[in-house]
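Below: one structure, written as C-alpha cells.
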Amino acid sequence: MERERVPESKMPDGRPLDQQPKWRRDFPVDTAREEEVERRDFVKFLVLVSGAFATGQLWVAGKDILRRRRDPLGAMPIAKVRDVAVGSAHSFNYPDEHDTCLLVRTDDQTFLAYNQKCTHLSCAVLPRVEEKCLRCPCHNGSFDLMTGRPTGGPPRRPLPKITLVVRDGIIYATGVELGT
C-alpha cells in the first residue's frame, strides 16, 4: 500500500530553507503535513504515556508496601509525665518534623496520641477532652478521643494512632498505627 504523496510546502515566511534562521532549520515544520499523524507515531505516544502512568502507579504502590513493612520506628521521648496535666494536650512531631501529633492525657494513667491532621483534608484537629473528642474546625468533623475513629462530619478514616510507652516518668512515642 503506497502512501499518497503530499507536496512539500514552503516555509511560513516563503523564503527557502537555506535562508531561514538557525532554529527553523533545526526544527523544520512542513505546514502541509503538520496535522498528519501516522498510526505508528500515535501508537508510540500511547505506549509511552501508558508506560509512564503504569510506572507512576507501581512507584506509589511500592512506596506504600515499603512504608507498611518498615521496621518499627525507634522510641522518641515526647514529654515528661509531670509536664502533661490531666485533661490537657501536648503537641509534638513524630516520626519526623513534618508530622504534627497530639498527646492527650485523659486521666492519671491514660495517655493517647494521634496524628493531628484530619483524614478528610489535613486540617489540624483540636482536642476537646471534656467532650471526649478531637474536633476538626474546617468541616465540622469529629473523632472519638479513645479510638481516633470518626464520629461526625466528612472524615471517613480514623486518625493514625501513635503508640506510646511510659518509662521512668517519660512518655515515648514508639510507632504509628494506621487505622483501617
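Where does the charge balance sit around Leu126 when Lys and Arg score +1, Asp and Glu -1, over other residues with C-beta under 13 Å from its C-beta?
Neighbour charge sum, excluding Leu126 itself: +1.
Would you kindly work out the equivalent ellipsoid of the chain from its C-alpha gyration tensor and give its semi-axes, the square roots of five times the eigenvalues, largest first in whole Å?
In descending order the semi-axes read 62, 18, 17 Å.
Taking K and R as +1 and D and E as -1, what net charge do the other residues with C-beta under 12 Å from the C-beta of Cys136 add up to?
Net charge around Cys136: +3.
Counting only protein heavy atoms, what percent of the accessible surface of the chain is carbon or sulfur at a 1.4 Å probe?
Of the solvent-accessible surface of the chain, carbon and sulfur hold 55 percent.
Using modelled amide H (1.01 Å from N, peptide plane; none on Pro or chain starts), what sits under 5 Å from the amide H of Ser88, excluding residues fewer than 5 places away?
Arg105
Excluding Pro155 itself, what net charge comes from residues whose Cβ is under 13 Å from its Cβ, given Lys and Arg +1 and Asp and Glu -1?
On the way: positive: Lys117, Arg135, Arg149, Arg156, Arg157; negative: Asp144.
Result for the local shell: +4.
Per residue, how much accessible area does segment 69-166 show when a 1.4 Å probe rolls over the protein heavy atoms, in square angstrom?
Values: 5530 Å² over 98 residues.
For segment 69-166, the per-residue accessible area is 56 Å².
Using θ = phi - 60° and the Karplus form 6.51 cos²θ - 1.76 cosθ + 1.60, what ³J(HN,Hα) does each residue of segment 98-111 get, whole Hz, x for Gly and Pro?
8, 9, 7, 10, 10, 9, 10, 9, 8, 8, 4, 10, 9, 10
Enumerate the amide H contacts of Cys138 below 5 Å, restricted to partners 5 or more residues apart or on another chain; note that Pro and chain-start residues carry no placed amide H.
The list, which skips near neighbours in sequence, is empty: none.
At 0.36 nm per residue, minus the direct Cα-Cα distance, what do Val81 and Asp18 gain on full extension? Give it in nm, one decimal, please.
Here the answer is 14.5 nm.
Do any cysteines of the chain lack a neighbour Cys whose Cβ is under 4.7 Å away, and which are they?
For the chain, the answer is Cys101, Cys133, because their Cβ atoms have no other cysteine Cβ under 4.7 Å.
Determine the calculated [θ] at 222 nm for the chain from helices alone, applying -39500 (n - 2.57) to every DSSP H run no shorter than 4 residues and normalising by the residue count; nearest 500 deg cm²/dmol.
-7000 deg cm²/dmol
Could you state the angle between the C-alpha long axis of helix 39-69 and the longest principal axis of the C-alpha atoms of the chain, as a value from 0 to 90 degrees rounded to the nearest 10?
Helix 39-69 sits roughly 10 degrees off the main axis of the chain.
Give me a comma-separated list of calculated 3J(HN,Hα) values for segment 121-126, in order, Karplus coefficients 6.51, -1.76, 1.60 applied at θ = phi - 60°, integers in Hz, x for any Gly or Pro.
9, 6, 6, 6, 8, 10
The values are calculated or read from the model by the stated rules, or taken from the named source; none is laboratory data. Not measured: the values here are computed from a predicted model. In this analysis, Cβ positions are derived from the backbone assuming ideal geometry, glycine residues included, and neighbour counts consider all displayed protein chains. Only protein heavy atoms, including side chains, enter the accessible area calculation; ligands, DNA and RNA are left aside. Shrake-Rupley method; radii C 1.70, N 1.55, O 1.52, S 1.80 Å.
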